[in-house]
Amino acid sequence: QALFNLLIPDHAADAFSPPRLSEPGPWDVLVEWLLAGLSHWDAEHFLFIAEHGYLYEHNCAFLPLYPLSLWAVARGALWPLQWLLQLRSRLLLAAVLLNSLFSILAAAALYELGCVVLRRRRVAFLAALLFSLSPANVFMAAAYSESMFAFLAFSAMWQLEKGQSWLSGLLFSLASGARANGLINAGFFLYSRGKCFALQLQVASGSVRKLPLLWKRVLSLASSAVLMCAGIFLPFVLFQYYAYRRFCGPGPGLDQTIPEPLLQLARDKGYHPAAMDGVKPPWCSQGVPVVYSYIQDIYWNVGFLRYFELKQIPNFLLALPVTLLTSWAAWTYISTNPRHCLTLGLERAKTEEEGKPKDGFCCPAAFVYVVHATALLAFGFSCMHVQVLTRFLGSSSPILYWFPAHLLQEHEPLLWSARTDYPPSGKPVLGKSDSCGKETPENPIVRLLLNWRLITPLSKSILGFFVCYWLLGLILHCNFLPWT
């Protein structure tokens with residue numbers, strides 16, 4: 001990104017770009033020269049919030065966990081650098097370090113989750129490698145909350161699959177403090193509890209004598225589900241309350257504490273600082289004052305079918321690959337497991353039933369993840385700026401990586417076992433055997449890329465999508481050009 005940022009001049013975009021309040025030193029100039037490409041677009045908001053707090057109303061579209069983490073690292077672990085770097089430079093450096101760590105941990109969590117759900121380690125490994133080459137990669141590296149959210153969400157899903165409900169609930173709760181779409185993760189708990197209850201009903205007898213025990217189980221499952229979901233919603237609700245107190249409470253004269261350059265920026269751009277001149281924003285008088293939905297509506301024109309305009313066709317084309325891939329994944333799963341999908345996976349499986357996949361992408365355990373990805377796709381396509389679908393799904397859903405890994409595993413001969421000429425075993429050649437008969441690790445994605453002419457058209461399409469978006473994202477995003 002440093003190279004692209006150096007060779008390509010930045011586009012003059014009408015994006016949030018607050019002024020620097022002090023003259024940068026030589027080391028600040030060096031950090032900016034190396035990492036400035038990772039501080040553009042929404043990254044400016046996160047860095048600004050970490051440095052100045054929620055001064056402007058539209059800053060409240062960005063939830064606090066990630067900027068708080070930047071603030072903590074910049075003022076904590078990077079505190080010894082305060083003699084060389086200003087706070088802004090330390091925040092940018094903290095963002096790069098944290099996102100590198102979160103991306104690695106997210107890939108590891110995705111691998112572990114894939115091992116538990118898919119029960120095919122090689123497919124899980126392929127998926128983790130694809131995540132490392134994610135088409136949303138630039139947002140995992142830049143000062144965005146995507147990498148933190150991916151780590152928290154994938155880890156929470158993994159812990160829930162392992163039966164660690166309370167740890168999973170804590171991780172899901174933290175995820176909802178990083179991104180608002182973390183609220184939909186409450187569906188994983190509701191489904192888990194509902195499935196548990198449905199399976200218990202099918203096993204237990206309908207005897208009246210067991211009715212009190214049945215009601216006890218119902219109350220226990222319902223109370224735990226409600227409690228967990230409340231914990232997931234709590235960070236978001238607390239932040240809305242904080243925003244209400246800050247922007248709608250009695251005027252504390254906060255405008256006097258805002259530096260003059262930032263006040264001037266507000267006047268020039270029409271931003272609304274907290275309690276400026278005692279004027280309260282319109283959302284304060286709503287029955288349920290939620291600043292997040294107000295900002296999405298007023299500032300970014302987010303709403304049902306609002307983006308369906310002829311001038312947005314290029315953005316729909318930009319979102320077309322991830323839309324087709326996720327839709328294909330949903331269709332593949334539904335067509336393979338029609339009865340399982342019609343019964344919502346709540347019907348007890350018959351051990352003697354044949355023809356049903358027991359592991360891999362189409363396994364019964366993947367149902368809730370397919371539903372989750374489909375719901376995100378439907379909401380994002382109809383209600384959001386459609387071009388963000390790539391990073392929206394890339395940081396939230398394992399399906400975007402499991403399904404391509406499944407396709408590569410099933411249809412790419414270079415990944416099949418050397419002992420067979422077909423893929424049913426699900427065992428690709430991931431490495432070479434040494435003299436002791438042990439497997440030497442080899443990266444299968446790199447192997448496919450190095451043998452580009454030999455791989456199938458399907459493999460070329462999948463890897464082409466991942467690599468092209470990985471590269472184009474760096475080139476365009478780092479120079480203030482429109483991207484996903």
query: All but one of (1) at pLDDT below 90; (2) small (Gly, Ala, Ser); (3) surrounded by 13 or more Cβ atoms within 10 Å (Cβ to Cβ) hold for Ser293; which doesn't?
result: (1)
From the options Leu377, Leu320, Leu325, Leu310, residue that is farther than 22 Å from Cys196 by Cβ and touching a residue at least 60 places away in the same chain (Cβ under 8 Å): Leu325
message: Given the condition under 27 Å from the mean Cα position of the chain (by Cα), surrounded by 13 or more Cβ atoms within 10 Å (Cβ to Cβ), assigned to a loop (DSSP other than H, G, I, E, B) and not small (Gly, Ala, Ser), answer yes or no: does some residue in the stretch 339-346 qualify?
response: yes
field: Leading residue by the ranking (farthest from the chain's Cα centre (by Cα)) among those in the stretch 283-320 that are assigned to a helix (DSSP H, G or I) and small (Gly, Ala, Ser)
entry: Ser285
- prompt: Tell me, which residue of the stretch 9-27 that is loosely packed, with under 11 Cβ neighbours inside 10 Å, part of a loop (DSSP other than H, G, I, E, B) and without any contact (Cβ under 8 Å) to a residue 40 or more places away in the chain is farthest from the chain's Cα centre (by Cα)?
  reply: Glu23
query: Which of the following residues is in a helix (DSSP H, G or I), modelled with pLDDT of 90 or more and in contact with a strand residue (DSSP E or B) (Cβ under 9 Å, 6 or more places away or on another chain): Leu265, Leu324?
result: Leu265
- prompt: Would you call Gly177 farther than 22 Å from Val322 by Cα, buried (at least 16 other Cβ atoms within 10 Å of the Cβ) and at pLDDT 95 or above?
  reply: yes
- request: Name the single residue, out of those in the stretch 57-116 being open to solvent by 60 Å² or more (accessible area, probe 1.4 Å) and not in a helix (DSSP H, G or I), that is nearest to Ala127 (Cα to Cα).
  value: Ala77
- prompt: What are the residues in the stretch 473-484 that are buried (at least 16 other Cβ atoms within 10 Å of the Cβ) and in contact with a Pro (Cβ under 9 Å, 6 or more places away or on another chain), if any?
  reply: Gly473, Leu476, Asn479, Thr484
message: Criterion first (crowded, with 17+ Cβ neighbours inside 10 Å and over 29 Å from Phe381 (Cα atoms)) does Ala266 satisfy it?
response: yes
message: Residue pairs, Cβ under 7 Å, 6 or more apart or interchain, first in the stretch 237-261 and polar (S, T, N, Q), second open to solvent by less than 30 Å² (accessible area, probe 1.4 Å) and modelled with pLDDT of 75 or more. List them.
response: Gln240/Val291
- prompt: So how many residues does the stretch 142-165 have that are touching a residue at least 12 places away in the same chain (Cβ under 8 Å) and surrounded by fewer than 23 Cβ atoms within 10 Å (Cβ to Cβ)?
  reply: 4
- prompt: Take the residues of the stretch 248-262 that are part of a helix (DSSP H, G or I) and in contact with a helix residue (DSSP H, G or I) (Cβ under 6 Å, 6 or more places away or on another chain): which is modelled with the lowest pLDDT?
  reply: Asp255
message: Between a residue in the stretch 185-197 that is closer than 11 Å to Ala222 by Cα and any residue that is of a type in the set (D, E, K, R) and open to solvent by 30 Å² or more (accessible area, probe 1.4 Å), which pairs come within a Cβ distance under 8 Å, given they are 6 or more apart or on different chains?
response: Phe197/Arg217
task: For the stretch 236-254, indicate whether the set of residues that are open to solvent by less than 40 Å² (accessible area, probe 1.4 Å), touching a Pro at 6+ places or on another chain (Cβ under 9 Å) and closer than 30 Å to Tyr369 by Cβ is non-empty.
output: yes
query: Just one of Phe139, Phe125, Phe188 is closer than 26 Å to Ile445 by Cβ, under 18 Å from the mean Cα position of the chain (by Cα) and not basic (Lys, Arg); which is it?
result: Phe139
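The values are calculated or read from the model by the stated rules, or taken from the named source; none is laboratory data. What you see is a predicted model; the values in this text were computed from it and never measured. Counting neighbours? That spans all protein chains shown, and the Cβs are built from the backbone with ideal geometry, glycine included. All accessible areas refer to the heavy atoms of the entire protein, side chains included, with ligands and DNA or RNA removed. Shrake-Rupley method; radii C 1.70, N 1.55, O 1.52, S 1.80 Å.
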